[in-house]
Amino acid sequence: MHGIGSGPLQTCAVSSDEDTTVLPLRGGATATLVRRRAAANDRGAILYVHGFADYFFQEHVAGHYTAQGYDFYAVDLRGYGRSLRDGELPNYTTDMAVYFEEIDAAIAKVREEHSRVVLMGHSTGGLTTSLWAHERRASDLINALVLNSPWLDVVEPPFIRQVVKVIGRVAPKVKIRANLGEAYGAAIHSSRNGEWDFDLTWKPLAGFPVLAGWIRAILIAQEKVHKGLDVRVPVLVMHSDKSMLNAREWSEDVSRADAVLDVEGMKKWGPKIGSSVKVVEIKAGMHDLFLSPEPVRAAALAEVDEFLKTT
């Protein structure tokens, strides 16, 4: 039986009519760019970057913005979703900057048709896009940055972080955690307590193993944010009003909180991303605010809508 997220089934598997482009990368890797066209485009484009143990399946978000006159693009990074190859280690890197290559390629493709581009990142994608926007700050490639529950900090104390960084350097493929746990996945997938139908091969309910080299890359990236970034376009940072990080299984409370990341880190470090940052709290929001039950997800989308009117 579904919980508070009950409602009509939201079909978010790969659409049969999606327009995809393979982006070739160095070393033989590839990423995948998905496009949804607006019937009448007059507002530019949005490029969406997903998080860890994730890929683009949020068709309702694409529909929301194509209806407003934006062409909507999303990139499945190398080793994720549509870009994941047989035998490849899912979602793994030892340097978050490696993904700058596919963001560069995706932006170049989008800018073939659009001069106004909004970059949107969720969770780990929010961390990566923040660093990318900082590194490309002099290039005028985007007009705004929208962050949906960006991963800007961890809750572990400094000593533990340093130990993990050492392990990640000398033994990068050691498992720090077997998986992320099923509480959040069970809160969003239609087979359990959620509304959303997504590919469980590409996004398992419990996620993928957390490896030391990947965590080390995350910690190094977050340290850069903590020192302060210089993103020169308007930035919107959105987060839930509370976290619920120790849930072992689904409950209604899990569907009203961020069950993946600590929102305090978003509040603390979000303003350090640039000189024009708006931080907004979404009451009862889930980790992916756009997957929250109604009316919460509508409130999150409305905040983005208002923000984009001013950029």
- Is there any pair linking a residue in the stretch 82-109 that is of a type in the set (S, T, Y) to one that is surrounded by fewer than 18 Cβ atoms within 10 Å (Cβ to Cβ) and in a helix (DSSP H, G or I), with Cβ under 9 Å and at least six apart or on different chains, and which? T94/R169
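Taking helices (runs of 4 or more DSSP H) that fall entirely within the stretch 155-241, which contain at least 2 residues that are under 23 Å from I282 (Cβ atoms) and not hydroxyl-bearing (S, T, Y)? Steps first, please.
Details: elements: 158-170, 183-188, 212-227.
Here the list reads 183-188, 212-227.
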- What pairs can you find where one residue is in the stretch 21-44 and charged (D, E, K, R), the other is modelled with pLDDT under 95 and not in a loop (DSSP other than H, G, I, E, B), and their Cβ atoms are less than 7 Å apart, with a gap of 6+ or different chains? R35/D19
- Name the residues in the stretch 191-202 that are open to solvent by 20 Å² or more (accessible area, probe 1.4 Å) and either under 14 Å from F57 (Cα atoms) or out of contact with any helix residue (DSSP H, G or I) (no Cβ under 8 Å at 6 or more places or on another chain) (or both), would you? S191, D197, D199, L200, T201, W202
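For (1) on the phi > 0 side of the Ramachandran plot; (2) open to solvent by less than 60 Å² (accessible area, probe 1.4 Å), each residue gets a yes or a no:
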| position | (1), (2) |
| --- | --- |
| H122 | no, yes |
| H134 | no, yes |
| A144 | no, yes |
| P150 | no, yes |
| V174 | no, no |
| A178 | no, no |
| G181 | yes, yes |
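Looking at the stretch 1-36, which of the residues that are polar (S, T, N, Q) and either at pLDDT 50 or above or not in a strand (DSSP E or B) (or both) is least open to solvent (accessible area, probe 1.4 Å)?
Among them, the one singled out is T32.
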- Message: For the list (1) closer than 16 Å to G79 by Cβ; (2) in contact with a helix residue (DSSP H, G or I) (Cβ under 7 Å, 6 or more places away or on another chain), I need the number of the one condition that I188 fails.
- Response: (1)
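Mind listing just one residue for me: the one in the stretch 234-249 that is of a type in the set (A, V, I, L, M) and within 19 Å of the chain's Cα centre (by Cα) and, of those, surrounded by the fewest Cβ atoms within 10 Å (Cβ to Cβ)? Even if it seems obvious, please write down each step before you answer.
So in the stretch 234-249, the residues of a type in the set (A, V, I, L, M) come out as 235-238, 244-245, 247.
Narrowing the set further to residues that are within 19 Å of the chain's Cα centre (by Cα) leaves 235-238, 244-245.
On the way: V235: 27, L236: 24, V237: 25, M238: 26, M244: 20, L245: 14.
The extreme case among them is L245.
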- Note on the structure: Over the stretch 258-282, the set of residues of a type in the set (D, E, K, R) and out of contact with any strand residue (DSSP E or B) (no Cβ under 8 Å at 6 or more places or on another chain) is K268, K272
- Message: As an exercise: evaluate E264 against (1) within 18 Å of D288 (Cα to Cα); (2) open to solvent by 10 Å² or more (accessible area, probe 1.4 Å); (3) touching a helix residue (DSSP H, G or I) at 6+ places or on another chain (Cβ under 9 Å) and give the number of the one condition it does not meet.
- Response: (3)
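The values are calculated or read from the model by the stated rules, or taken from the named source; none is laboratory data. Quick caveat, the model's predicted, so the values are computed rather than measured. Positions of Cβ are backbone-derived with ideal geometry, glycine not excepted, and every protein chain shown enters the neighbour counts. Accessible surface is based on the protein model in full, side chains and every heavy atom, while ligands, DNA and RNA are left aside. Shrake-Rupley method; radii C 1.70, N 1.55, O 1.52, S 1.80 Å.
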